[in-house]
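For reference, the structure is listed below as structure tokens.
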Amino acid sequence: MSYPEARYHGSTGEVLATWRPADQGPDLGIGAAVAVRYLATGATTGGRFGLYRWDSGPHSGGAAPHFHRTMSESFFVVSGRVELYDGQHWIDAGPGDFVHVPEGGVHGFRNDSDEPASMLILFAPGAPREGYFEAIAERVAGRAYSDEEWTALCERHDNYFVP
């Protein structure tokens, strides 16, 4: 494997970094139990990746088994306990545990523990996941989607659930 083609061709470098302080509040609440921080969206990274912090309360559930066709998804547990599905088994993951799921890999996550949990979720390349997360928040808040509407929304956001 080699390095990709250069994207920057200057000789001195530039001041381009962005900073998000730790005390900046969440960008989205999903019900009362989940807070999502949009750390680096696909739009802000030029489509290279998307990075989100998912803070979940005790017994807040999560994502049922599904797969993506266009992007990989990775999980890094920051605190608490999260169950991560690897396509065959639910793994009891704790702080420092990491799971990478390539395109097409069945996966899921949930917090069924008695404690809050936090994890980083990385998508590569950086698809616009914010719209999908916001639709989940609307659904939790009571918006009714028909089965056809929800299926179409999931397909638009590259989310394919499996039994």
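Quick one: if you stick a label point 7 Å off each Cα along the C-beta vector at residue 162 and residue 32, how many nm between them?
3.5 nm
Quick check on packing: order 85-93, 21-29 by the mean number of other C-beta atoms within 10 Å, highest mean leading.
85-93, 21-29
I'd like the accessible area for residue 16: 1.4 Å probe, protein heavy atoms, all chains in place, Å² to the nearest 10.
Solvent-accessible area, nearest 10 Å²: 130 Å².
Equivalent ellipsoid semi-axes for the stretch 112-163, as square roots of 5 times the alpha carbon gyration tensor eigenvalues: give them largest first, rounded to whole Å.
21, 17, 12
Along each of the three principal axes of the Cα atoms of the stretch 1-51, give the extent in whole Å, ordering the values from largest to smallest.
Largest to smallest, the principal-axis extents are 48, 26, 18 Å.
Give the share of C-alpha pairs in each 10 angstrom bin for the stretch 65-148, from 0 to the last occupied bin, in whole percents, shortest bins first.
Per 10 Å bin, starting at 0, the Cα pair percentages come out as 17, 42, 36, 5.
Which angle between 0 and 90 degrees, to the nearest 10, do you get for helix 147-156 versus the longest principal axis of the chain when only C-alpha atoms count?
For helix 147-156, the angle is close to 20 degrees.
Over all directions, average the projected area of the Cα convex hull of the chain and note it in nm².
The number I arrive at for the chain is 11.6 nm².
What is the sum of charges, Lys and Arg at +1 and Asp and Glu at -1, for the other residues whose Cβ falls under 11 Å from the Cβ of residue 94? Mind dumping the intermediate values first?
Working: positive: 81; negative: 83, 92, 97, 115.
Here the count lands on -3.
Tell me, Kirkwood radius of the stretch 1-85 from alpha-carbon pair distances, in Å? Could you put the intermediate results ahead of the total?
Details: mean 1/r = 0.0620 Å⁻¹.
With all distinct Cα pairs of the stretch 1-85 included, I get 16.1 Å.
Could you tell me the convex hull volume per residue, in Å³, taken over the Cα atoms of the stretch 77-123?
So the per-residue Cα hull volume is 63 Å³.
If you filter the stretch 65-163 for trypsin sites (Lys or Arg not before Pro), then keep DSSP loop positions with at most 13 other Cβ within 10 Å, what is left?
Counting only loop positions with at most 13 other Cβ atoms within 10 Å, the trypsin sites (Lys or Arg not before Pro) in the stretch 65-163 are 69, 143.
For the chain, find the longest principal axis of its Cα atoms and tell me its angle to the long axis of helix 130-140, 0 to 90°, nearest 10.
20 degrees
Between residue 149 and residue 22, what is the FRET efficiency for a Förster distance of 35 Å, r being their Cβ-Cβ separation, to the nearest 0.05? Before the final figure, lay out each step's value.
Details: r = 37 Å, r/R0 = 1.06.
After rounding, the FRET efficiency stands at 0.40.
The values are calculated or read from the model by the stated rules, or taken from the named source; none is laboratory data. As the structure is a computational prediction, the values presented were derived from the model and not from experiment. All Cβ positions, even for glycine, are placed from backbone atoms using ideal geometry, and neighbour counts span all protein chains on display. When the accessible area is computed, the model is the full protein with side chains, heavy atoms only, and any ligands, DNA or RNA have been set aside. Shrake-Rupley method; radii C 1.70, N 1.55, O 1.52, S 1.80 Å.
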